[in-house]
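To keep things clear, I will list the structure first and then write my remarks on it.
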Amino acid sequence: MPPRVSPFKDAFKYVCSKTDKTSKLELKYINAVKGHGVFALASFSKGDCVLEYRGDMIDGAESHRRRSIYHPACLAFMFFSKWRGKTRCIEASRDDGSFGRLVNDEHSRPNCRMKKLDINGKPHLCLFALHDIQQGEEITYDYGGDDCPWRMKLVSVLQKPAPLLGL
């Protein structure tokens with residue numbers, strides 16, 4: 001068995017080639033609420049780089065402009081982070097064929113964590129396995145925050161009292 005490639009070198013390879021691990025990942029339709037998701041075709045070990053969240057790197061002013069004209073559903077594809085003291089946004093609403101934009105939120109038990117990497121002086125967001133991931137498992141990470149609309153809908157549905165049945 002060949003020696004394991006370091007997770008950073010693996011991430012560097014895929015970031016520079018702007019490709020996904022299509023031999024180890026697949027897109028599947030889940031349902032009308034979640035839409036599509038990314039699933040493992042092969043196992044990943046704890047610490048492995050799974051994929052990159054790719055999109056347009058934009059500044060705060062451009063993200064504000066786009067938020068004002070986009071459909072609300074597109075806002076879920078905007079990932080904000082600090083880079084060298086400034087707020088930056090990786091905006092992935094345009095379907096470029098990459099998988100990272102379709103990884104679903106899982107706030108209670110995600111199997112990946114987003115890390116910001118400096119590659120050639122630019123920020124890149126990559127998902128790394130928090131634990132071993134088995135073939136067939138959906139790739140997830142915690143989007144952070146408590147204001148995700150799908151979380152609020154789930155809470156409001158769970159808190160809504162059941163209707164009284166007239167017998």
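Here, each number is a calculation from the coordinates, and none is a lab measurement. These numbers were taken from a predicted model, which means no experiment stands behind them. Please note: Cβ atoms are built from the backbone with ideal geometry, for glycine as well, and neighbour counts cover all protein chains shown.
So the values come out like this:
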{"read-out": "Amide H within-cut-off set for W83, under 5 Å, with H built and near neighbours excluded", "value": "R88"}
{"read-out": "Shape category assigned to segment 1-45 from the gyration tensor of Cα positions, a/c cut at 1.5", "value": "prolate"}
{"read-out": "For the chain, calculated [θ]222 nm from helices alone, where every DSSP H run of n ≥ 4 adds -39500 (n - 2.57)", "value": "-5500 deg cm²/dmol"}
{"read-out": "Residue with peak Gaussian network fluctuation, the chain [Cα springs, cutoff 10 Å], from F39, F80, F99", "value": "F80"}
{"read-out": "Degrees between helix 7-17 axis and first principal axis of the chain (Cα, 0 to 90, nearest 10)", "value": "90"}
{"read-out": "Global form of the chain, assessed from the alpha-carbon gyration tensor, a/c cut-off 1.5", "value": "oblate"}
{"read-out": "Rounded, prolate or oblate (a/c below 1.5 giving rounded, otherwise prolate when a/b exceeds b/c) for segment 56-102 by Cα gyration tensor", "value": "oblate"}
{"read-out": "Spatial separation of Cα centroids for segment 122-136 and segment 37-116, in angstrom", "value": "12"}
{"read-out": "Of all DSSP beta bridges in the chain, antiparallel share, percent nearest 5", "value": "90"}
{"read-out": "Residue among Y70, Y53, Y14 with the largest mean-square fluctuation in a Gaussian network model of the chain, springs linking Cα atoms under 10 Å", "value": "Y70"}
{"read-out": "Per-residue ³J(HN,Hα) for segment 99-112, Karplus 6.51 cos²θ - 1.76 cosθ + 1.60, θ = phi - 60°, Hz, x for Gly and Pro", "value": "8, x, 5, 10, 6, 8, 6, 8, 8, 8, 9, x, 9, 9"}
{"read-out": "Nearby aspartates and glutamates by direct alpha-carbon distance to K24 (threshold 17 angstrom, same-chain neighbours under 8 apart not counted)", "value": "D10, D48, E52, D132, E137, E138"}
{"read-out": "Long-range amide H partners of G47 with built H, under 5 Å", "value": "A129, L130, H131"}
{"read-out": "Set of lysines near K122 by C-alpha distance (under 23 Å), chain-local residues within fewer than 8 positions excluded", "value": "K9, K13, K18, K21, K82, K86"}
{"read-out": "Sequence-distant residues sharing a close amide H with M78 (under 5 Å, placed H)", "value": "A92"}
{"read-out": "Nearest-ten-degree value, helix 149-159 long axis tilted from longest Cα axis of the chain", "value": "40"}
{"read-out": "For the chain, with +1 on Lys and Arg beta carbons and -1 on Asp and Glu, the positive-most of G47, S68, V103 along the dipole", "value": "S68"}
